[in-house]
């Protein structure tokens, strides 16, 4: 073969001597540095995850609220705590609970030392009512006045009991005593909640489900019943006409939860259970089994004019039900607001991933628009354990707390704990779970256990301050499945924000990893080019073939 390059060799400058070979150590150090940057960035990112460790510690152990908790002979079932703090005196707390057995009733307690000690407050019940004070709820006004709402029941046509009246009592001395109850609504009004305007003394709202037909012992059987809201500007002495807050086209709605976002602005969350006649009409006849196979919706209604008009937003159009319920006590979503920052939060549980998970929705504009719901519990997805019935609290500084029932420690999904997770960035990220219960308890203990319908009530109680969380829940560690005893337990957790260095390190770690990857790629590419054999230029600038 003829080497073309030799024919033009006289016209080319002599070739330069080759550079001496680079020592192996010098040739590798750029790749080593780039790899180190990648490793360091990944390590920092992994060590500083978006969800930090627990944001607090439990102070002391669990303490029962009801005095009968230590009495094994007592089989009463205390559940569904409503817990509120006086805005004028945070050490003044009020709690109201449902009692299911052996007689249906309620209890109201107050504390003036931040929950260390409690006193039972007697409530004068309406005369002539056959079943009094069911499903109570409490709220403090901005002036420190305490309000209590509850439902009474009566026998209807010898078939069973049905809601007979909705009542409100008030306490001008922060819970030391209550006035005689005044009627808010008549028959078939139940699932009631009360809130007070923090800026306008004696202004309050009550929301409830207004029924139109009863079924024996099961509540409502008709469709098209409405969730309504009524307002009082004189501390409950008089009430405006109830206004429908749920859409008229919705067949079956339950479990309203109401909060005041700002002056005249309200947010109400409720469940639309769709075609679920299994629970709504009591088709299960009080017996356990698989939950309704269809879908529910979680709906939020907002009013900007004090409750006169309402506009709806569907937060979750396809919630997967995880339990059967009775119409008198369906599981309820939780609503909390950060009035200083005009934020609103809603939480509930969803079985869409195969087991119940806690989901949070947040709004940064007072409920006008909502971010997509996010899973809160820090369990492994699809682990076949239940996290459910969340309660929300917002501290004055803006921290968001979520307390919920948690069965992650039991593969059988029976033994239950209570967990707390906190967010310091408006609900975008949450710290890891802090276990509040110092001992697990059996979720299968309670009224309805022989029929497979035991439940822990329709809510938990939660009060959040800038330094602490006080949670109250239904606890069964003192009961048996035969007796059905339920008690209320409480825990206090000291809560503090994680170090501000952690998110900064995470951002730096992520950036470092990305830069390291680019640097490593550049080094590899440069190494490949340096190892490529030099081409010999031919005539016309083309590479010449070797002889």
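Using label points projected 7 Å from each Cα along Cα→Cβ, tell me how many nm separate residue 410 and residue 234, to one decimal.
It works out to 5.2 nm between the two label points.
Over all pairs of distinct alpha carbons, what does the Kirkwood formula give as the hydrodynamic radius of segment 79-140, in Å?
Values: mean 1/r = 0.0807 Å⁻¹.
Kirkwood hydrodynamic radius for segment 79-140: 12.4 Å.
Which percent of Cα pairs goes in each bin when the distances of segment 66-189 are cut into 5 angstrom slices starting at zero?
Binned Cα distances yield the sequence 2, 11, 20, 22, 18, 13, 8, 3, 1, 0.
In Å and whole numbers, how far do the C-alpha atoms of segment 302-361 stretch along each principal axis, longest first?
Per principal axis, max minus min of the Cα coordinates gives 38, 26, 19 Å.
Compute for segment 195-310: radius of gyration divided by Kirkwood radius, i.e. Rg/Rh, restricted to C-alpha atoms, rounded to two decimals. Intermediate results must be reported in sequence, preceding the final value.
Details: Rg = 15.9 Å, Rh = 15.3 Å.
A ratio of 1.04.
Grab every C-alpha pair in segment 138-205, bin the distances at 5 angstrom width from 0 up to the longest one, and report whole percents.
Taking all Cα pairs of segment 138-205, the binned fractions are 4, 18, 23, 20, 14, 10, 5, 4, 1, 0 percent.
Can you pull the Kirkwood radius for segment 409-471, inverse mean 1/r over Cα pairs, to one decimal in Å? Before the final figure, lay out the partial values.
Working: mean 1/r = 0.0713 Å⁻¹.
For segment 409-471, inverting the mean 1/r across all distinct Cα pairs yields 14.0 Å.
Based only on Cα atoms, what Rg/Rh ratio does segment 105-255 have, Rh being taken as Kirkwood's radius? Before the final figure, lay out each step's value.
Values: Rg = 15.9 Å, Rh = 16.1 Å.
Rounded to two decimals, Rg over Rh is 0.99.
Could you give the length gained on full extension between residue 177 and residue 425, defined as 0.36 nm per residue of separation minus the Cα-Cα distance, in nm? Kindly include the intermediate steps, with their values, before the conclusion.
Numbers: separation 248, 0.36 × 248 = 89.28 nm, distance 3.97 nm.
Taking 0.36 nm per residue and subtracting the Cα distance, the gain is 85.3 nm.
Stretched out fully, how many nm does the piece from residue 119 to residue 451 gain, at 0.36 nm a residue minus the Cα gap?
Values: separation 332, 0.36 × 332 = 119.52 nm, distance 3.47 nm.
Additional length available on full extension: 116.1 nm.
Inverting the mean 1/r over all pairs of different Cα atoms, compute the Kirkwood radius of segment 435-489 and quote it in Å.
Hydrodynamic radius (Kirkwood, Cα only) of segment 435-489 equals 12.2 Å.
Relative to 2.2 N^0.38 Å, what does the C-alpha radius of gyration of segment 304-435 come to as a ratio? Two decimals please.
Details: Rg = 15.2 Å, N = 132, 2.2 N^0.38 = 14.1 Å.
Expressed relative to 2.2 N^0.38 Å, the Cα Rg reads 1.08.
Just grab the label-to-label distance for residue 222 and residue 372, each label 7 Å out from Cα along the Cβ direction, in nm (one decimal).
In this crude label model, residue 222 to residue 372 measures out at 4.1 nm.
Give me 246, 222 ranked fewest to most by other Cβ atoms within 10 Å of their Cβ, as a rough exposure proxy. Walk me through the numbers on the way to the answer.
Values: 246 24, 222 15.
Ordered from fewest to most neighbouring Cβ atoms within 10 Å, 246, 222 come out as 222, 246.
Sticking to Cα atoms, compute the Rg of segment 271-375 to one decimal and its Dmax as the biggest Cα-Cα distance, whole number, in Å.
Cα only, segment 271-375: 15.1, 46 Å (Rg, Dmax).
So if each residue of separation counts as 0.36 nm, and I subtract the Cα-Cα distance between residue 285 and residue 496, what length gain in nm does that give? Don't skip to the answer; put the middle values down first.
On the way: separation 211, 0.36 × 211 = 75.96 nm, distance 4.72 nm.
Result: 71.2 nm gained on full extension.
Quick one, what does Rg over Rh come out to for segment 387-427 if you take C-alpha atoms and the Kirkwood Rh? List each step's numbers first, then the result.
Numbers: Rg = 12.3 Å, Rh = 11.1 Å.
Answer for segment 387-427: 1.11.
So, by mean Cβ neighbours within 10 angstrom, what's the order for 68-77, 253-262, 225-234 with the highest one leading? Numbers along the way, then the final one.
Working: 68-77: 15.9, 253-262: 23.8, 225-234: 19.8.
Ranking, from highest mean packing down: 253-262, 225-234, 68-77.
Over all alpha-carbon pairs in segment 366-512, figure out the percentage whose distance exceeds 27 Å.
Details: 3292 of 10731 pairs.
When every Cα pair of segment 366-512 is considered, 31 percent fall beyond 27 Å.
Compute the separation of the alpha-carbon centres of segment 73-98 and segment 337-396 and state it in Å as a whole number.
So the separation of the two Cα centres works out to 23 Å.
Using only Cα atoms, what is the ratio of the radius of gyration of segment 112-171 to 2.2 N^0.38 Å? Walk me through the intermediate numbers first.
On the way: Rg = 14.6 Å, N = 60, 2.2 N^0.38 = 10.4 Å.
This ratio for segment 112-171 stands at 1.40.
What is the order of 327, 453, fewest Cβ neighbours within 10 Å to most? Please report the intermediate quantities before stating the final value.
Details: 327 24, 453 18.
Result, fewest neighbours first: 453, 327.
Grab the alpha carbons of segment 266-322, take their convex hull, and tell me the volume per residue in Å³. Before the final figure, lay out each step's value.
On the way: hull volume 5.4 nm³, N = 57.
So the per-residue Cα hull volume is 95 Å³.
Exposure proxy check: 432, 284 ranked by fewest other beta carbons within 10 Å?
On the way: 432 14, 284 21.
Least crowded to most crowded, the residues run 432, 284.
Here, each number is a calculation from the coordinates, and none is a lab measurement. Given the structure is predicted, the values throughout are model-derived calculations rather than measurements. Positions of Cβ are generated from backbone atoms using ideal geometry, with glycine treated the same way; all protein chains shown enter the neighbour counts.
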